[in-house]
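Asker: Below is the structure I would like to discuss, written out as structure tokens.
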Ligand SMILES: *Cc1c(COP(=O)(O)O)cnc(C)c1O
């Protein structure tokens with residue numbers, strides 16, 4: 001037990017690469033360096049076979065056909081390819097896309113770009129627990145709607161959307177359903193066909209694989225979905241995504257998928273126990289803590305907590321020499337902006353700024369969680385002891401009624 005070891009609780013930002021994954025990748029940088037598109041000699045065949053195997057491992061994890069896996073540089077590219085590729089391919093059918101305000105920027109910014117090209121985008125509000133309102137979704141679908149894009153699990157809160165219900169609704173209206181499943185794949189069972197998802201983005205580095213490799217699942221049958229390529233030259237990946245394949249990365253992504261398939265269930269149980277311990281201890285040690293997002297439909301390793309009257313970035317500074325987490329504030333060029341995801345759940349700026357996301361992972365231990373409970377509790381108490389607002393709150397002053405001086 002090393003009391004000084006840094007504790008990493010930011011696994012939704014990226015995960016460490018599993019050493020078993022690195023081991024599988026290494027030969028493909030040196031002995032087996034061939035180009036998977038070199039069809040005429042053994043160097044190419046070895047690489048191509050390795051890519052085929054990885055494609056199968058990944059397809060198996062999500063119960064897809066290997067031919068439905070299009071390799072990309074990550075989930076950002078897969079989101080771009082899915083949204084822009086569908087918009088171009090189905091232009092004759094319509095120009096309307098529906099998504100959520102709480103989506104990842106890879107989806108939201110792709111939609112913004114498409115608006116400049118004539119797309120009409122509906123950004124749906126979510127309910128206070130972060131879940132989509134199915135009636136609102138149904139009302140939003142028109143005869144111009146070509147695509148509904150709703151993430152499987154949210155990166156900030158871990159909230160899991162009702163995928164089957166959304167899929168059934170899309171199927172009944174005849175619109176395609178895409179999902180950014182980056183935070184769900186490899187952590188919980190994800191079976192796009194079973195819920196009616198036609199396109200799905202995910203990435204290696206959020207599931208203990210390497211960075212810079214991801215995939216877009218594209219449904220091949222009933223319906224046969226097509227996307228217009230966004231990057232051309234060579235016709236790789238059945239013309240949907242050209243570019244020499246990142247063979248070592250793909251091999252690592254495949255190995256990560258195999259490990260996830262074998263270990264997911266036990267890991268999810270272990271992590272949810274640790275997450276629940278962390279959450280229960282903080283909520284019982286500290287007053288005025290609020291858990292953000294629906295706690296029944298939530299990823300097993302995530303908790304997002306607001307510590308009222310404590311500024312999250314300041315709180316983090318009390319322990320960030322030892323523990324890596326994320327706060328509900330995003331640094332823009334000039335200022336700290338409250339998380340747009342938490343704002344969409346209806347939190348005020350103050351509660352959004354006071355939030356911390358803890359995302360646990362494969363290599364966290366119970367001892368680390370115990371140390372985190374201690375350090376975060378101490379940090380919150382320290383910040384509140386210094387805070388005139390907390391003092392006023394403890395004296396029973398109604399803070400909402402106070403008129404603050406302009407500054
Ligand atoms: C991390 C993440 C992405 C981006 O993935 P990259 O592979 O880093 O491009 C997209 N969507 C969600 C929900 C994510 O968490």
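The values are calculated or read from the model by the stated rules, or taken from the named source; none is laboratory data. Computed from a prediction, not measured in an experiment: that's the story for all the values here. Here the Cβ is made from the backbone with ideal geometry for all residues, glycine too, and neighbour counts use every protein chain on show.
Asker: Every residue in region 15-51 that is within 16 Å of the ligand (Cβ to nearest atom), surrounded by 15 or more Cβ atoms within 10 Å (Cβ to Cβ) and in a loop (DSSP other than H, G, I, E, B), please. First the steps, then the outcome.
Answerer: Here is the first cut: in region 15-51, the ones within 16 Å of the ligand (Cβ to nearest atom) are 15-17, 21.
Those left that are additionally surrounded by 15 or more Cβ atoms within 10 Å (Cβ to Cβ): 15, 17, 21.
Residues satisfying the conditions are 15, 17.
Asker: Okay, moving on. Looking at region 270-291, can you tell me whether even one residue there is in contact with a strand residue (DSSP E or B) (Cβ under 6 Å, 6 or more places away or on another chain) and within 16 Å of the ligand (Cβ to nearest atom)?
Answerer: No: region 270-291 contains no residue that is in contact with a strand residue (DSSP E or B) (Cβ under 6 Å, 6 or more places away or on another chain) and within 16 Å of the ligand (Cβ to nearest atom).
Table: residues versus (1) out of contact with any helix residue (DSSP H, G or I) (no Cβ under 9 Å at 6 or more places or on another chain); (2) within 24 Å of residue 154 (Cα to Cα).
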residue: 14; (1), (2): no, yes
residue: 29; (1), (2): no, no
residue: 34; (1), (2): no, no
residue: 67; (1), (2): no, no
residue: 77; (1), (2): no, yes
residue: 83; (1), (2): no, yes
residue: 91; (1), (2): yes, no
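Asker: Could you tell me whether residue 359 is at pLDDT below 95 and touching a strand residue (DSSP E or B) at 6+ places or on another chain (Cβ under 8 Å)? Explain how you work it out, then say what you get.
Answerer: Working: at pLDDT below 95: no; touching a strand residue (DSSP E or B) at 6+ places or on another chain (Cβ under 8 Å): yes.
Criteria not met by residue 359.
Asker: Going through region 215-237 one residue at a time, which ones are within 16 Å of the ligand (Cβ to nearest atom) and closer than 17 Å to residue 62 by Cα? Quick ask: steps written out before the conclusion?
Answerer: So in region 215-237, the residues within 16 Å of the ligand (Cβ to nearest atom) come out as 215-217, 230-231.
Once the filter is applied, which keeps residues that are within 16 Å of the ligand (Cβ to nearest atom) and closer than 17 Å to residue 62 by Cα, region 215-237 yields 215, 216, 217.
Asker: Restricting to strands (runs of 3 or more DSSP E) lying wholly in region 276-332: which have 1 or more residues that are at pLDDT 95 or above?
Answerer: Hits in region 276-332: 289-291, 302-307.
Asker: Tally time: how many residues in region 357-406 are within 23 Å of residue 271 (Cβ to Cβ), in a helix (DSSP H, G or I) and without any contact (Cβ under 8 Å) to a residue 40 or more places away in the chain?
Answerer: Of the residues in that region, 2 qualify.
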